[in-house]
1. Got at least one residue in region 300-318 being without any contact (Cβ under 8 Å) to a residue 40 or more places away in the chain and under 34 Å from the mean Cα position of the chain (by Cα)?
2. Taking into account only those residues within region 650-668 that are loosely packed, with under 14 Cβ neighbours inside 10 Å and either under 30 Å from D397 (Cα atoms) or among the basic types (K, R) (or both), which is modelled with the highest pLDDT?
3. What residue, among those in region 583-603 that are under 22 Å from A788 (Cα atoms) and not aliphatic (A, V, I, L, M), is modelled with the highest pLDDT?
4. (1) crowded, with 19+ Cβ neighbours inside 10 Å; (2) out of contact with any Pro (no Cβ under 7 Å at 6 or more places or on another chain); (3) at pLDDT below 95; (4) not aromatic (F, W, Y): which one isn't true of G391, the others all being true?
5. Just to be sure I understand, how many residues within region 256-278 are within 18 Å of F234 (Cα to Cα), out of contact with any helix residue (DSSP H, G or I) (no Cβ under 6 Å at 6 or more places or on another chain) and in contact (Cβ under 8 Å) with a residue 12 or more places away in the chain?
6. Residues in region 668-690 that are in contact (Cβ under 8 Å) with a residue 24 or more places away in the chain and over 33 Å from the mean Cα position of the chain (by Cα): how many?
7. Given the criterion among the small types (G, A, S), assigned to a loop (DSSP other than H, G, I, E, B) and surrounded by fewer than 20 Cβ atoms within 10 Å (Cβ to Cβ), identify the matching residue among G758, G707.
8. Take the conditions modelled with pLDDT under 95, farther than 24 Å from K553 by Cβ and touching a strand residue (DSSP E or B) at 6+ places or on another chain (Cβ under 7 Å) and apply them to Y523. Does it pass?
Amino acid sequence: MMGLLAQKKHKAKGNQFFSRLKSIPRVANLLESKETQLIAFFCFLFFIIILRLFQLQILEYEEYNTLLSKLHYRESLLTPERGNIYALDKGGHPVKLTENITLYDLAIDPRELDGIISGSNLPMKNRFIEIVTPVLYKHLCEVNGMNPVNKTDCIKNIELFAGVNLLPKKPELFYFGSGMESPEYQSFNFEEYEKNFGKTVDQFTKEKAFELIKTKLDQKIKIGIKTQNYLGYFTEPKFLEELAQKQLPYVHIIADHYVYLEPSTMIDPGLAQATIEGLLKKWKYPIGSQFENLFKPQEWKYIKIISGLNPALAQEIRELKIKHRGELSKIERNRNSRQENTSQSKKERLIAIPVLYGLVLEPYTTRYYPYGNFMANILGYVDRGGTAYYGIEQYFDSKLKGKKGEIKGRTSAWLGNVGANEFEIQNPTNGSDIYLTVDIGLQREVERLAKEQLENVKADAIAILVTDAENGEVRASVSAPTFDPNNYNDAYTLIPLGRENREIIDNQTYIDIPVYVHTGGEYKLANLTERKQENLKKYIAKNIYGAQVFVDKNITVPFEPGSIFKAFTVAIGIDTDEMNFDERYVDEGSVKVGIYTIKNATKTCMGNHNFLHALVYSCNVGMMKIVQRVGKYVFYNYLGKLGFGELTGIELAEEKPGFIDKVNLVSMARFLNNAFGQGLTTTQIQLAAAYVALVNGGEYIKPTIIGNIIDPSNTENSYNKYQNSNKIFKSETSEQIKKGLFNVINTNPELSNANLSGQKLGAKSGTAQISFRGRYQRGEGWTNGTFAGVISTEDPRYVVNVWIRRPRKNQWGGSTAGPIFKQIAQYLLTYDL
C-alpha cells in the first residue's frame, strides 16, 4: 500500500514538472513544433537501429559470421612446379632431361574491336590484324612452340591455320594386298608432283604468308551475334542418327560429329530446348549449366586465335600492347539510336579503348623434353592436361608433381580475396627432382646401335639393358623404335597403307604391326581376315608401329627367352651338385615326352659329351638331363628366388611379371621345355637381374634405375633407396658359370662375331621360336633373338642383355643380337664409366 502511494506521489510530481515547462512560452512553442517532433522521431529510429546492430554484431555475431563465411568463402588452388628428371654424364655432372615451360594461348574479345581508330577511318579490327600478323607469322614459320620450323613445315602450318591448300597433294594411294593397289599408282604423275612441290616451296614468300594470315584473321574474328551456338562433339552414331531423323531446322550436324544450334530459326525456343534436352537425357549425355543459353542469341565474346605461343612471342605481344596503347577507339554516342529495339544494337562508346585492349594471353604450363626422343621410354611423358604416362613420369608422378597450395578466405565479387587478416595462404610444395643411374654417354651410344641394327635386320623391335654387376644399377636402357614425348600424338595419326609398306599385309611375320580399317564411321583395328581382304582400304600409323612405341620393352613385354635361359639351368645343376662341367652324358639328339618329341637345334650335340659342351653348343637334350636330375621342385624354387614370374620392383611404370607354371601344375613336357627357355616368359629386366646374380658371386640384387630423389624444399632429404639382396648361388657356382660363359663365346663359332680379341668376355645367345595360332613357327621373322653377356669374366662389371623381336634378315640370336653386344663391350672397355 505504501509503495502504491509513493508511485502516485512520484507521478504527480512529474506531471507538475511538465506543466511548469509548458507554462513557459518559449518551451511550449518548442515542444509543439513539427521540427521537434521529427527530431524526436528520428532519435527514436536511431535508438532502434543501435539496438538492432548490438543484437547482430554482439549477441548474434557467431551465427551470422558463419553464414557470411559460407556465402563469401573461397579456396583458390596454387599449382606447384613439377620436379625434373636428371641423368649423369661421365664426369658425374647432372644433365636435365625435362623442363616445365609456360606456353600461351592467344585470344581476343571481339567486342573491343567494334569501332574505328580515333583520328582516322580505319576500323579497329583491321588495325588489330595488321599489328598481330607479324607475331603469328613468327609462330607459324619460325619457332612453333619450342620447335624450329623449316620452310615446308611453315607452309603446312599456314595451310592448317588458314584452311587453304598450298602444296600439291598426292591422291590417297592404297595397297590392298596380293599385288592389288590403287589405280592412281599408274595414272598419277609422281615426277610432276615432286617438281611442283619443290617449285611451290621455293616460290612461297613471307608476303604471301602475311596475306593468308590476315585473311584468316578477318574471317575468324567475328563481331556481333553468333549465327550458331555450339552444342558439342558426339560420337554415338544412334544419337546422331535420331537427331538427324527429326529434321529440326535449327540443328546443324557438321563433319558427322559436331552439333550446332541456330536460335534465329527457332519458332518456339522453349520447345526446342525441351526437345534437345530430352534427346540428350535419353542417350545419357550430361546437361551443362549453360545449356539454356544455347537457345538464345549469343554475342561473340571470346575467340581463340592461336595456341602454343612460346615465352618470347608472348613477351612480344606484351610489348606491342604497350607500344600501341595510344591507338584508341573513337568515342561514339547514340550508336544504338536507330537499333535500340534489335538484338544486335550497339552500345555507345563513352571510353576510348586501346586497339589491343581485348587481346589476352592465357598461360599454361607444359612438360618439355629438350632432347626429343632421347631416353623417351625411360622418361615417359606428361600430356597437356598434366596426366603422366609411362616411365619415370608415371611411376613417380606423386613425387614429381608436388602438393598444391591454396588460398582460403573471404572474397569480394570485384576484388577477390580481401582483408589482410581474412585469408590464409598455404604455399605449394614443388615436386622432387629425380636423378637416374643411367649414364648419358653410354645411353646415347646404345640408342644409336639399336636404331641402326633395327634397320639392318628388319626387326619389329630391339630392347637393350646394360646393368652394373656390382650393385644392380641400370646404366643404359633402350627400347626401339621409340617416340618423341613432345609430339606423342604422332603415334595416333593414320595414313593410307601404300605399296611401300606392302609387306605389312603380304608377309605374315608383320602380324604385330597394327593395321586399321574405316567402318561404321570410325577407324578400328583390322582382324586377320580384314588384313587380307583385297577390297578394303587399310591404314597404318604414321610411325608404322602406332602406340607400341610408348611401351618400354625392357620391362613391359614378356617373351620366351630361348637358350640364354640355359645358363640358369646349368647354374642350378652345379649349385645342387647334380652335375659339373666335366661330367659326361650321352645325347641322343631327341627325347620323346608323351606325345611330344623334343630335339636339339643342331646335330653337333649328338654323342658322348660333357656338360660344358652342352652349354657351349646349346644342347636342349643336355639341359633336359640336368633338370631331370635336379627335379622340378628344386628347379622352380631357384627360378622363384631369381625373380622369374614376379615383378622386380624396378622404378618404371607398367612392369609385367612374365609367366612361369606353378610347380604343382606343370606338365612334364612343359617342365623339360622350361629347361632351355621355352614355355615360359620373362622380361629383359628379370633376365638382367638374374644374370647379375650368376656372375657377381651368386647374389641377387634388386635392380634399380634411381640414383637419388631430392626434395627441393629440403635438399638434405636424400632418397634412401632400399636394394634387398639374397644369396642364390654359392660363390664357386658363380665362378664356374663365368668360365662356362667364357668358353661359349670363345668356342662356339656362331658367336665369333660377338667376341673381342684379347678380352675376357662371356656370353650366351638364344633363339626362341614365336608361337602363332597355337604352333611354333620357323624361319626369319618368327623368332626372338636374345643375347646375354658379361664384361668381363675376370672382373664382372657389366651385364648386357639384348633382345631382338622378329629379325627378318637372320633368325639366330647370335648373328643378330651378338654384334650389338660386341660394340657395346668395345665402347665400355674404352669409355670406362
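1. yes
2. Ranking the qualifying residues of region 650-668, first place goes to F659.
3. Looking at residues that are under 22 Å from A788 (Cα atoms) and not aliphatic (A, V, I, L, M), I get N600.
4. Failing condition for G391: (3).
5. Total meeting the criteria: 9.
6. Selection size over region 668-690: 11.
7. Within the list G758, G707, the selection yields G758.
8. yes
The values are calculated or read from the model by the stated rules, or taken from the named source; none is laboratory data. The shown structure was predicted, so the numbers you read here are calculated from the model rather than taken from an experiment. Backbone-built Cβ (ideal geometry, glycine too); neighbour counts: all protein chains shown.
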